[in-house]
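None of the figures in this text is laboratory data; all of them are computed from the coordinates on show. Quantities reported herein were computed from a predicted structural model and do not represent experimental measurements. Please note: Cβ atoms are built from the backbone with ideal geometry, for glycine as well, and neighbour counts cover all protein chains shown.
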Amino acid sequence: MFYGKYKFFCSLETAAVLPFYKGSTFRGVFGRALKQVVCALKKQECAQCLLKQKCIYALVFETSTALKAPAGSRIAAPPHPFVIEPPLTIATEFPKGAPFDFSLLLFGETNSNLPYFIYAFEQMGKIGIGKKVNGRRGRFTLKEVRCGEQIIYSESNRELRAPDATLISPCFDSNKVPEDPFSLKLTLETPMRLKFKNRLNADLPFHVLVRAMLRRISSLLNSYGDGEPPFDYRGLVQRAETVRVSYTELAWFDWRRYSHRQDKSMLMGGLTGAITFKGNLKEYMPLVEFCSKVHIGKQTSFGLGKIKATIIQ
C-alpha cells in the first residue's frame, strides 16, 4: 500500500481559540474547504451524484458511498483514505503569529491527489478555524509542506513537487526484535476508541488490541493495497489471549464535538495513557509497527488512535 505522510507548516494570521482535542475541528473545516474546491454540483447530495465515483471529495469524505468494499473481503465498508494528525498540544488559545503545524496521512492512490489537499488546506486557512474571536475565526497561512525532508510546496514560489510516497506492509526485520518473552509499552498519543462485542471498551486486553489491528490492516490493504493479507486471524487472536497486562495507566477521556453535517453536539470519548504487555509478542510486532503509522480504532480520520510502541527488555 502506498503511504504518504505530509507535514504542513502554518502561521496564524489572527488569534485562535481551539478545543482541547483539535482533530474533529480540523476534519470538519477541511471537509468544507475540499468540497468548495472540487465539487462540481454544489447542491447535489453525494449519494445521488453521478460523479461520486470520480469525485475526490466523495472518495475522501463519503467513502462508503463512492467506493464499494472489494468482493470477498472481510470489511463491510472501506475506511477513509486519510488521517489528519492535529497538533498534540493541550493549549486552547493561540496568539497571532504562532506556528500552527499538523500532518496529513494519505493511503493508496489518494496520494496522487495531494495537490487538491494542499489547495484545500490553503483555503481552510482563509475560512478560519476554531471559535470566533472578535467576530472572526482563527485564520492561518500555509507556509510549507514537506514529505520527510523533501519540500513539496512553498508559499514563496507556490510550486508543487511530486512527493515520495512509500510502500508499507505488515512485515519487519526479525533481527530488530528480541526473542520472546519481552514487554511492549504502548502509549496512546491521542484518544483510542475500540469496540469489542459492539461496545466501546474502557480497558485494553491484548486480544482486543490485536482484533482491532487486524481489522485496520485488512480494511486498508483491501481498499488501498494489494488485497487481503495472508493472516492466521483465528490463531493470532487465540494466542493473543495468553499475553498479559503487566502495567496500566489508562484512563477514559470524554469531550464534545460539533457536527456541522448533523447540526448537533456529540459526546466523544476514548482511552488515553499507556499500557505495558508481557508475553509472546514477537509475531505481533509487524501489526504494531504498521498500526503505529496508520492509527487504529474508530474515527481515525480525526487523528484518533495514534499509538507509540516501545520495546522493553
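The long axis of helix 23-38 is offset from the longest Cα principal axis of the chain by roughly 50 degrees.
About its Cα centre, the chain has a charge dipole of approximately 1240 debye under the convention of +1 per Lys or Arg Cβ and -1 per Asp or Glu Cβ, with nothing else charged. Applying the criteria of a DSSP loop state and at most 10 other Cβ atoms within 10 Å to the chymotrypsin sites (Phe, Trp or Tyr not before Pro) of segment 55-120 yields no site. The GluC sites (Glu not before Pro) of segment 35-97 meeting both criteria, a DSSP state outside H, G, I, E and B (loop) and at most 11 other C-beta atoms within 10 angstrom of the site's C-beta, are Glu45. For volume of the Cα convex hull per residue in Å³, the listed values are [x] 149; [y] 195; [z] 139; which was obtained by calculation from the structure presented? The calculated read-out lines up with [x]. Find the centroid of the Cα atoms in segment 114-149 and in segment 78-101, then give the distance between the two in whole Å. The distance from the Cα centre of segment 114-149 to that of segment 78-101 comes to 10 Å.
Full extension of the segment from Trp255 to Ala76, taken as 0.36 nm per residue of separation minus the current Cα-Cα distance, would add 61.6 nm.
Classify segment 1-68 as rounded, prolate or oblate, taking a ≥ b ≥ c as the square roots of the eigenvalues of its Cα gyration tensor: rounded when a/c is under 1.5, otherwise prolate if a/b is larger than b/c and oblate if not. Cα axes put segment 1-68 in the prolate bin.
Between the helical axis of 285-294 and the longest alpha-carbon principal axis of the chain there is an angle of about 10 degrees.
Rounded to the nearest 10 degrees, the inclination of helix 206-224 to the longest alpha-carbon principal axis of the chain is 50 degrees. Spatially, segment 34-52 and segment 155-224 are offset by 32 Å when compared through their Cα centroids. At q = 0.10, 0.17, 0.18 Å⁻¹ the log10 of I(q)/I(0) for segment 1-115 amounts to -0.38, -0.95, -1.02, computed by Debye summation with a single uniform scatterer per C-alpha, solvent ignored. With Rh defined as the Kirkwood radius, the inverse of the mean 1/r over Cα pairs, the Rg/Rh of segment 154-313 is 1.02. Counting every C-alpha pair in segment 154-226, the share spaced more than 14 angstrom apart comes to 78%.
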